[in-house]
1. Determine the shape class of the stretch 76-184: with a ≥ b ≥ c the square roots of the Cα gyration tensor eigenvalues, call it rounded for a/c under 1.5, and otherwise prolate if a/b is greater than b/c, oblate otherwise.
2. By per-residue mean of other Cβ atoms within 10 Å, what is the highest-first order of 211-217, 87-93, 268-274?
3. Cα-based Rg (one decimal) and Dmax (whole number) for the chain, in Å?
4. Based on the alpha-carbon set only, what is the convex hull volume of the stretch 157-280 divided per residue, in Å³?
5. Calculate how large, on average over all directions, the projected area of the Cα convex hull of the stretch 40-86 is; give the answer in nm² to one decimal.
6. What is the P(r) of the stretch 1-141, as percent of Cα-Cα pairs per 10 Å bin from 0?
7. Given all pairs of different Cα atoms, what value in angstroms does the Kirkwood hydrodynamic radius of the stretch 75-120 take?
8. Report the GluC sites (Glu not before Pro) located in the stretch 1-96 that are in a DSSP loop and have at most 12 other Cβ atoms inside 10 Å of their Cβ, or state none.
Amino acid sequence: MKVYKTKTELSGHLSSLVSSEKTIGLVPTMGALHPGHTSLVNRAILENDVVLVTIFVNPTQFNDSSDLENYPRTLEADLTLLKRLKVHLVFVPSLEEMYPEKDQRTFYLDNLDKVMEGKHRKDHFNGVAQIVSKLFRLTNPTRAYFGQKDFQQFVIVRRLVKILDLDISIVACPIIREEDGLAMSSRNVKLSAAHRKLAPFIHSTLKRATQKMDLLSPEEVKTWVTSQFEKQPDMHLEYFEIVEDKELRPVIDWKEKVNKVGCLAVQLGGVRLIDNMNFD
Ligand code: PAF
């Protein structure tokens, strides 16, 4: 496994692959790797000749400086895991390497960034578009892998590739859950023991909500989910929306012939958790 810190070194390696027509699978991460990332890497290994994992905690997608400071960083353990998984290349750039100058770009993302996460994390998706577009331009992968836990991010990156007219296929990988249902996330380690015990309530509420589709309209399911979280004094539901998976428009009627996804964000003891589930 080769670990590169600079764009020049990485580009040098990648250009030798282009001439031999090798397919490249890119797994962009912010580190603090967990089994969700392992599933992305394993899928990338199955589908590509060469797998490149990037580890970079991207400041431009954080709208809260204490969230950025507290984001878990476990580089040594991450590299050990990636070596065990037989990843070929790892890119671990510094802040100066990725942003030698302030990135002034504003992306128009067809308003997909204005709902759900976008309403609660101002400019978050512009920051994601900045770093992902830089990584795509630098590495020109055949495929790039994203977890479905960050459903809105996946939808936006898929659109970004269209907007930028890039020939990269964006692969979504299923959410990996703990045994008790909590969606795996780098942020889970920040939960206190007591809050960790409460956290599976998020998944179980989503699951129970899907079971209400025969009786309740989408709007009524939304009200029901909100009422469940109101009974949890330690949890604050930021939003729950049931949207279709292309334009992220709210679903009004279950009869609509679209893929429906229920998405939420919850604050639990200062840790922000997101999750989602298909409502089909
Ligand atoms: O999902 C993440 O970890 C990040 O948003 C990403 C895609 C690596 C961009 O920084």
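The numbers here are math on the coordinates, done by the rules we state, and not lab data. Quick caveat: nothing in here was measured; it's all calculated off a predicted structure. In this analysis, Cβ positions are derived from the backbone assuming ideal geometry, glycine residues included, and neighbour counts consider all displayed protein chains.
1. Values: a/c = 1.56, a/b = 1.14, b/c = 1.36.
In terms of gyration-tensor shape, oblate.
2. 87-93, 268-274, 211-217
3. For the chain, the Cα radius of gyration and maximum Cα-Cα distance read 19.2, 60 Å.
4. Details: hull volume 15.5 nm³, N = 124.
Once divided by residue count, the hull of the stretch 157-280 is 125 Å³.
5. Across all orientations, the stretch 40-86 yields a mean hull projection of 4.1 nm².
6. 11, 38, 36, 14, 1
7. 14.3 Å
8. For GluC sites (Glu not before Pro) across the stretch 1-96 that sit outside H, G, I, E and B with at most 12 neighbouring Cβ atoms in 10 Å, the list reads Glu21.
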